[in-house]
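Trainee: First, the structure itself, so that you have it in front of you.
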Amino acid sequence: MCSKLKIYIAGPMRNYPDNNYPAFYEAEKFLEGKKVWDIVNPARMDDELYADVSSIDYKEALKRDLDEVFKCDAMYMLRGWESSQGAIVEHALAVYLNLYINYQ
């Protein structure tokens, strides 16, 4: 049996209703349907780590997220990622690491 490839979901969060988490969870559900991905969803990580997402330390969250990108084989870019400073950094790292990148 082959192991699953690891994919990171990247996209805009700040200044979106509910931090755009619904889009991240929708993407996660879509990718789960492919049955080849072990999915890294930063919205899920936030939900698991923070009782109140308004208390997120964005510098720490970005560091955590970039550490996860290093462990991935691919990245799934949500619509609007180009307007997100964090997603731009994640995308640049994925390009540098030569990850497979899929755009929504």
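The values are calculated or read from the model by the stated rules, or taken from the named source; none is laboratory data. Bear in mind that the values here come from a model prediction, so they are computed numbers and not experimental data. Here the Cβ positions follow ideal geometry from the backbone for every residue, glycine too, while neighbour counts run over all protein chains shown. Quick note on the areas: whole protein, heavy atoms, side chains included, nothing else; ligands and nucleic acids left out. Shrake-Rupley method; radii C 1.70, N 1.55, O 1.52, S 1.80 Å.
Trainee: Using the crude model of +1 on Lys and Arg Cβ and -1 on Asp and Glu Cβ, and no other charge, please compute the dipole size for region 13-104 relative to its Cα centre, in debye to 20.
Mentor: Dipole about the Cα centre, nearest 20: 280 debye.
Trainee: May I ask you to work out the translational diffusion coefficient for region 1-94 at 25 °C, viscosity 0.890 mPa s, via Stokes-Einstein with Rh from the Kirkwood sum over Cα pairs, reported in whole µm²/s?
Mentor: 182 µm²/s
Trainee: While we're looking at this one, here's another question. What chymotrypsin sites (Phe, Trp or Tyr not before Pro) does region 1-86 have in DSSP loop regions with at most 13 other beta carbons within 10 Å?
Mentor: Hits after loop and neighbour filter: TYR50.
Trainee: Could I ask something else about it? Please calculate how many Å² of accessible area region 46-104 carries per residue, with a 1.4 Å probe and no DNA, RNA or ligand atoms counted.
Mentor: For region 46-104, the per-residue accessible area is 63 Å².
Trainee: Okay, next question. Once amide H atoms are placed 1.01 Å from N in the peptide plane, what residues at a sequence separation of 5 or more from ILE101, or on another chain, have their amide H within under 5 Å of its amide H?
Mentor: MET75
Trainee: Determine the share of the chain's accessible area contributed by carbon and sulfur atoms, expressed in whole percent, with a 1.4 angstrom probe.
Mentor: Answer for the chain: carbon and sulfur cover 53 percent of the accessible area.
Trainee: Considering amide H positions built from the backbone, and no H for Pro or chain starts, which residues 5 or more places from ASP38, or on another chain, come under 5 Å of its amide H?
Mentor: Those lying under 5 Å, H to H, from ASP38 are LEU5, LYS6, ILE7.
Trainee: With every protein chain left in place and a probe of 1.4 Å, what is the accessible surface of MET45, to the nearest 10 Å²?
Mentor: In the full protein context, MET45 sits at about 30 Å².
Trainee: Can you compute 3J(HN,Hα) from phi for each residue in region 80-90, using the Karplus curve 6.51 cos²θ - 1.76 cosθ + 1.60 with θ = phi - 60°, rounded to whole Hz and x for Gly and Pro?
Mentor: Listing the rounded values in order: x, 4, 5, 9, 10, 4, x, 5, 5, 5, 4 Hz.
Trainee: Give me the lysines in straight-line cross-link reach of LYS63: C-alpha distance below 22 Å, same-chain residues under 8 apart excluded.
Mentor: Cross-link targets: LYS6, LYS71.
Trainee: What longest range of the chain stays clear of loop-exposed trypsin sites (Lys or Arg not before Pro) (DSSP non-H/G/I/E/B, at most 15 other C-beta within 10 angstrom)?
Mentor: Longest run free of exposed loop sites: 36-70.
Trainee: Also, I was wondering about something else. Given the whole protein assembly as supplied and a 1.4 Å probe, what does the accessible area of ASP52 come to in Å², nearest 10?
Mentor: 80 Å²
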